[in-house]
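Values in this text are rule-based calculations from the coordinates and carry no lab data. All values derive from a computational prediction rather than experimental measurement. Cβ coordinates were reconstructed from backbone atoms using ideal geometry, including for glycine residues, and neighbour counts include every protein chain displayed.
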Amino acid sequence: MKLDDNQRQAVAQWIAAGAKLSEIQNRLAAEFSLKLTYMEARFLVDDLKLTPKDPEPPKVVEPPAAAKPLTTTPVPADEAAAADEILPPASKVSVTVDQITRPGSIISGKVSFSDAQTADWYLDQTGRLGLVPKQPGYKPSAADVQDFQLALQREVAKLGY
């Protein structure tokens, strides 16, 4: 493909501005009535010895600092009572992971909620978490769902997922 100097200069400016090959292809068609395939646009940019800019990588957000570890030193009784108010109560939700994964799932298992209701859980290939309660129509409380998610994270982390 032969371009005149004006067209070459325009393509060079688009590349300098960070345009992708598909954008260059579309702009050549719109502004200069030059219909090119994607491969032809790629060869054109290569012939002009231009290099499209790589997109900026996404900025990495650092996770919050790790929580301060709990100490095991004895605490006076009045301070222990105050500490009990600060620490959340132990969860009554328990999670187990199946030895044989449910068909169509990456990982699956069972959960027992604080009200003694049980359900099967699974994580499918698209990353969706599903619950299949033993009692039809059962919906766990919001607190139980949150405890379930935390317990599930711990169990999955133990397995190295």
Report summary line: The simple spin-label model distance between Phe43 and Lys134, using points 7 Å out along Cα→Cβ, in nm, is 6.8
Query raised in the report: Where does each of 9-21, 122-134 land if you order them by average Cβ count within 10 Å, highest first?
Result: 9-21, 122-134
Requested in this report: Under 24 Å Cα to Cα from Lys110, which lysines show up? Leave out anything in the same chain fewer than 8 places away.
Outcome: Lys92, Lys134, Lys139, Lys158
Report task. Averaging sequence separations of C-alpha pairs under 8 Å and six or more residues apart, then dividing by the length of segment 97-142, give the relative contact order as a whole percent. Result -> 27
Report task. Convert 10 °C to kelvin, take the viscosity as 1.306 mPa s, use the Kirkwood radius over C-alpha pairs of segment 5-47 as Rh, and evaluate the Stokes-Einstein diffusion coefficient in µm²/s, rounded to a whole number. Result -> 157
Report task. Would you list which lysines come within 28 Å of Lys53, measuring only between C-alpha atoms, while excluding same-chain residues fewer than 8 positions from it? Result -> Lys2, Lys20, Lys35
Query raised in the report: Out of every Cα pair in segment 92-131, what percent are spaced more than 14 Å from each other?
Result: 42
